[in-house]
1. Can you check what the net charge comes to around Asn110, using other residues whose Cβ is under 10 Å from the Cβ of Asn110 (Lys, Arg +1; Asp, Glu -1)?
2. Within 12 Å, Cβ to Cβ, of Gln90, how many net charges do the neighbouring residues add up to if Lys/Arg are +1 and Asp/Glu are -1?
3. Consider the candidate values (1) 16.3, 50; (2) 22.5, 95; (3) 16.3, 54; state which one is Rg and Dmax of the Cα atoms in Å computed from the structure displayed.
4. Setting aside same-chain residues fewer than 8 positions from Lys113, which lysines have a Cα under 20 Å from its Cα?
5. Pull up all non-local amide H partners of Leu107: gap of 5 or more, or a different chain, and H-to-H distance under 5 Å with H placed in the peptide plane.
6. Tell me the net charge near Thr154. Cut-off is 15 Å between Cβ atoms, Thr154 excluded, with +1 for each Lys or Arg and -1 for each Asp or Glu.
7. Pick out, from Met142, His131, Ser37, the residue whose Cα sits farthest towards the positive end of the charge dipole of the chain, with +1 on the Cβ of Lys and Arg and -1 on the Cβ of Asp and Glu.
8. Please give every one of the lysines within straight-line cross-link reach of Lys17, meaning a C-alpha to C-alpha distance under 20 Å, and leave out same-chain neighbours fewer than 8 residues apart.
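Just so it is clear, none of the values below were taken in a lab; they were calculated from the coordinates. Please read these numbers as outputs of a predicted model, since none were measured by experiment. Neighbour counts run over all protein chains shown; Cβ positions are idealised from the backbone, glycine included.
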Amino acid sequence: MKELLLSYARYNVWANKQMIDTMLQLGPDAVDKEVTSSFPSLRTTVYHIWGAEDIWLQRLQHVAKPTWAAAGFEGSFEEACHNWEERSAQLMHYVAKMDDAALHNMLHYNDIKGNPYQRHIWEVLQHVCNHSTYHRGQLVAMLRQCGATAIPQTDFSFYLNQKQVQAQ
């Protein structure tokens with residue numbers, strides 16, 4: 001199980017970087033352009049993905065009162081993207097340090113509203129990567145609405161093919 005989750009966490013880091021590199025080539029008007037999606041702009045979607053990856057990492061690290069990373073954030077879009085990349089890498093390193101037995105441990109946590117839940121650590125990690133994948137798909141649609149023409153491929157199969165080519 002660890003190898004599967006570690007592969008998925010590595011993919012998450014790679015796919016996030018593909019999207020970030022593309023978005024950082026856009027001007028500020030594009031990242032803040034209002035579009036139809038779960039969130040009204042590229043910026044707010046990025047902040048959501050970054051915030052979600054960050055709060056789950058805090059929960060996994062047993063932070064007593066996790067906070068939403070993007071709440072009150074006043075830095076640049078580039079800084080937010082950098083923070084998102086860092087959290088993705090930290091999640092990957094978290095998985096790398098785990099063993100299969102630890103992945104089956106239960107994580108007891110409270111959601112943002114304070115409701116208590118519990119999940120296996122492997123379920124949390126799978127959710128975090130799936131959540132980011134879901135919203136990266138929205139970013140692709142949003143990029144098109146913002147006029148971007150060079151949309152990166154972030155499909156898992158494409159990632160595996162790239163790894164294979166690089167290994168040759």
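1. +2
2. -2
3. This structure yields the entry labelled (1).
4. Result set, ordered by chain and number: Lys65.
5. It is Arg119, His120, Ile121, by chain and number.
6. Summing Lys and Arg as +1 and Asp and Glu as -1 gives +2.
7. Checked the options; the winner is His131.
8. Qualifying lysines at Cα under 20 Å: Lys163.
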